[in-house]
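What follows is a single structure, written as structure tokens, with notes after it.
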Amino acid sequence: MGVALRLPLLLLLLPGAAYGAQPDSTVTQLSEVVVEANTGPAARITSGGNVKVSAESLRYGSRLMGEADLLVALKRVGGVSSVGDYGSGLVIQGNDPSQVIYLVDGAPVFFPYRFGGVFSTFNTSHFNSVNVMRYGRLAATPSRLGAVVNIAPRLDYFNPLSGSVNVGLLASTLTVRTGVKKRFALSASGRISYIDALYGRFLNNDVNANHYNFGDINLSAGWRIDSLNYLTAGYFFNSDKLHSGNNNYAMNTRLRWRNNVASLRWTHRGRRPAEITAYYSEFGSRLNVGFPQFDVTGRAGIASIGATGRIRLNGARGFKPGFTVGGEAAGYSITPLWAELHGEVRQPSAPARRTRPYEARVFADAEFMPSDVLTFSAGLSVSTFSFRYYAVDPRFSAELRAGDNCWNIGAGRYSQYLHLIGFSEIGLASNFWLGSGSDVTPQRSWDFSAGWSRPLMGGDLFLTASLYYKIVSSQSEYSGQVLDIIDADYDAAGHIFTADGYNTGLDIGIQKRFGRLTGSASYSFGRAMRHLPGSSERFHSLTDAGHQFKADAEFGINSHWSVSASFVYSSGRVYTPTRYLYIIANRLIAEYGARNSGRMPDYQRLDLSGTYRFRTGGRIPLNHTVNISLINAYGHRNVESQFFAIDGETMRYKLYRVSSLYRFLPSVSYSIDF
């Protein structure tokens with residue numbers, strides 16, 4: 001039995017602040033051996049340019065506010081970013097975060113984010129790893145333009161009982177795993193926050209009142225029917241509540257959101273491996289804006305019930321192809337944001353415009369291996385959305401291994417029928433989903449990529465380089481404002497405009513995977529340009545990443561001590577600048593520059609961490625781990641937003657820049673495993 005007890009303590013949260021033995025007839029009693037090893041980089045880049053993050057490796061790196069998070073760790077990978085410290089979602093290869101699909105136990109999660117980008121909704125202790133497929137996505141991958149993030153739960157069939165308790169000043173987590181007769185496994189996790197109870201007095205003052213709390217539940221179960229067949233089930237739920245009040249403007253804003261996801265999967269591992277998954281996934285949000293005379297309540301949501309399956313008919317042998325075929329179907333219930341008015345305002349509200357579209361597709365992939373060093377793959381995905389839109393999307397990839405060098409290329413067309421739009425540039429839950437219709441056409445993308453990788457020094461070093469170019473169309477953006485939803489004839493689709501353009505960039509990286517010193521360094525450049533249909537004037541997309549340099553390292557001083565550091569320097573995000581301000585007839589008139597033609601100051605951050613591990617004996621041997629982290633160690637003021645307001649002293653309009661609260665942010669984590 002192994003039970004882990006973790007007690008992270010947040011010190012400060014203030015704004016500003018032996019293989020193959022010889023046979024022997026002698027019976028020998030072996031004593032327990034503990035092997036202390038550096039786990040290497042948390043995120044590993046594969047030869048094809050994809051990414052795998054191990055949950056176990058995150059235990060020894062820096063922790064934001066005492067928490068190690070799988071999705072936050074992905075932001076340290078070259079070519080992966082988010083919209084600032086508070087940004088929700090991942091920007092990969094210039095794609096919008098809504099174009100990245102997250103699969104948990106095989107089911108899609110529509111909004112796996114928390115406010116402020118501190119944590120994701122996924123409890124790291126519940127999961128085993130995260131795999132990110134961003135290159136060479138063949139026909140079997142879901143209908144999204146961007147990467148596929150597959151999050152695998154941890155099930156232990158052989159251990160009667162194991163688990164962890166994580167108690168922090170922001171949240172507490174409990175995880176329990178059990179195995180029964182090596183055939184059944186169950187894993188359950190829960191997390192609840194109490195930010196208001198401990199930090200309420202720091203978040204509130206005479207002008208502002210802020211409250212935020214969240215909770216989540218993960219359940220996973222497995223049944224080994226026999227050596228070839230497995231049945232697994234999963235359930236995930238989260239609930240978040242955010243409240244912000246401003247006495248100067250007599251306005252209160254409340255935002256609530258939740259995910260509710262369940263799945264059932266059968267897996268066969270015989271000569272013809274097969275997999276069938278059925279799922280239900282729901283996301284809903286509620287936005288309330290209150291004023292003295294009236295209040296507005298906006299609701300939005302999406303629910304999906306679907307199934308997907310695939311079977312590998314045979315393996316590739318020479319020019320005899322190996323085929324994988326399958327299909328998927330899903331029905332949706334989509335409610336775009338709509339409002340109800342209460343109070344003195346007698347204006348009628350716009351009705352809810354619920355739609356119930358459906359999506360279906362079939363796919364086939366073929367793999368050829370004409371030699372031991374050359375592999376070709378080709379696939380075709382044929383899909384429809386409510387039999388109104390259709391897509392025939394071919395895919396192709398090839399890999400050549402010449403000595404230690406591995407070369408790969410890929411090309412393909414991708415279609416996405418769902419759009420996520422709204423008021424927030426950083427991805428708040430007030431954003432809402434829409435299905436393709438008469439006003440919003442499907443998003444399309446032609447992707448082209450090339451990559452190279454090779455190990456050095458016996459595999460201790462691993463070099464990667466990749467290029468990509470995407471031709472994108474029907475990229476949706478929202479032009480409405482918050483209070484537009486109170487109009488009686490409000491229609492969300494009427495406030496959407498679409499743009500075409502391209503994403504292009506390169507990623508170069510090196511990893512040191514073994515030894516006392518491990519780590520990685522990467523340089524990425526990304527450009528995402530758009531233009532309106534019929535116009536030749538181009539502008540930067542909000543997902544335009546610019547330059548990024550990232551480096552992280554971990555050094556094992558001895559069997560007890562290790563230290564780590566993580567550094568990122570990147571271009572600031574784009575915005576539309578205000579060129580001039582006029583006051584005419586007591587009205588403020590603003591004149592803006594070209595769309596997204598300005599950039600905020602460059603972003604930079606250094607995180608430091610130290611880990612001390614020791615072991616105590618007795619009847620129950622204990623493994624202890626103490627982790628100390630410092631986020632933004634030199635306190636750089638990274639700009640999160642900027643705006644014009646009247647200076648109280650000069651009575652002139654002045655540019656104000658709001659810095660991230662993540663400055664000089666230390667935390668301590670203490671773990672006991674037994």
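At 0.36 nm per residue, and after removing the present C-alpha to C-alpha distance, how many nm does the segment from GLU56 to LEU622 gain when stretched out fully? Spell out each step's value before the answer.
Numbers: separation 566, 0.36 × 566 = 203.76 nm, distance 1.76 nm.
Extra length available between GLU56 and LEU622 comes to 202.0 nm.
Order ASP602, ASP196, most accessible first, counting only protein heavy atoms with a 1.4 angstrom probe.
Working: ASP602 65, ASP196 45 Å².
Ranked list, largest accessible area first: ASP602, ASP196.
PHE497 versus ALA521, label points 7 Å from Cα toward the beta carbon: distance in nm?
Calculated label separation equals 4.4 nm.
In what sequence, highest mean first, do 571-580, 140-149 appear when ranked by Cβ atoms within 10 angstrom?
On the way: 571-580: 16.4, 140-149: 21.7.
Ranked by mean Cβ neighbours within 10 Å, highest first: 140-149, 571-580.
Around GLY168, which amide H atoms from residues at least 5 apart in sequence, or from another chain, sit under 5 Å from its own amide H, with H modelled in the peptide plane?
So GLY168 has HN proximity to THR173.
What's the local net charge at ARG44, with K and R +1, D and E -1, over the other residues with C-beta under 11 Å away?
+2
If I model a spin label as a point 7 Å beyond the Cα along the Cα-Cβ vector, how far apart are those points for ILE672 and LEU174 in nm?
Between ILE672 and LEU174, the label points sit 1.7 nm apart.
From the protein chains alone at 1.4 Å, what is the descending order of accessible area for HIS547, HIS243, largest first?
On the way: HIS547 95, HIS243 30 Å².
I get HIS547, HIS243, largest accessible area first.
Quote the accessible area belonging to LEU228 in square angstrom, nearest 10, computed with a 1.4 Å probe and with ligands, DNA and RNA left uncounted.
Approximately 70 Å² of LEU228 is accessible to the 1.4 Å probe.
Under 10 Å from the Cβ of TRP407, count the other residues' Cβ atoms, weight Lys and Arg +1, Asp and Glu -1, and hand me the total.
Values: positive: ARG401, ARG454; negative: GLU399.
Net charge in that neighbourhood comes out at +1.
Keeping all protein chains in place and using 1.4 angstrom, which order do SER473, SER220 fall into by accessible surface area, from largest down?
On the way: SER473 35, SER220 5 Å².
So the residues, ranked largest to smallest area, are SER473, SER220.
What nm value, rounded to one decimal, do you get for the distance between LYS182 and ARG615 when each label is placed 7 Å out toward the C-beta?
2.5
Got a number for the accessible area of TYR656? Probe 1.4 Å, square angstrom, nearest 10.
70
How many percent of the alpha carbon pairs in region 108-183 exceed a separation of 18 Å?
Tail fraction, whole percent: 58.
Quick one: which residues, 5+ away or cross-chain, put their amide H under 5 Å from the amide H of ASN128? H built at 1.01 Å from N.
ALA152, ARG154
If we sort 553-561, 377-385 on the protection proxy, mean other Cβ atoms within 10 Å, highest first, what's the order? Present the calculation step by step, with values, prior to reporting the outcome.
Values: 553-561: 15.3, 377-385: 20.3.
By packing density, highest mean first, the sequence is 377-385, 553-561.
Please turn the phi angles of region 219-231 into ³J(HN,Hα) values with the Karplus equation 6.51 cos²θ - 1.76 cosθ + 1.60 (θ = phi - 60°), one per residue in order, whole Hz, x for glycine and proline.
Calculated HN-Hα couplings, in order: 10, 9, 9, x, 10, 7, 4, 7, 5, 10, 10, 10, 10 Hz.
The values are calculated or read from the model by the stated rules, or taken from the named source; none is laboratory data. Computed from a prediction, not measured in an experiment: that's the story for all the values here. Neighbour counts are summed over all protein chains in view; Cβ atoms, including those assigned to glycine, are modelled from backbone coordinates with ideal geometry. In case anyone asks, the SASA skips ligands and DNA or RNA and just uses the protein heavy atoms, side chains included. Shrake-Rupley method; radii C 1.70, N 1.55, O 1.52, S 1.80 Å.
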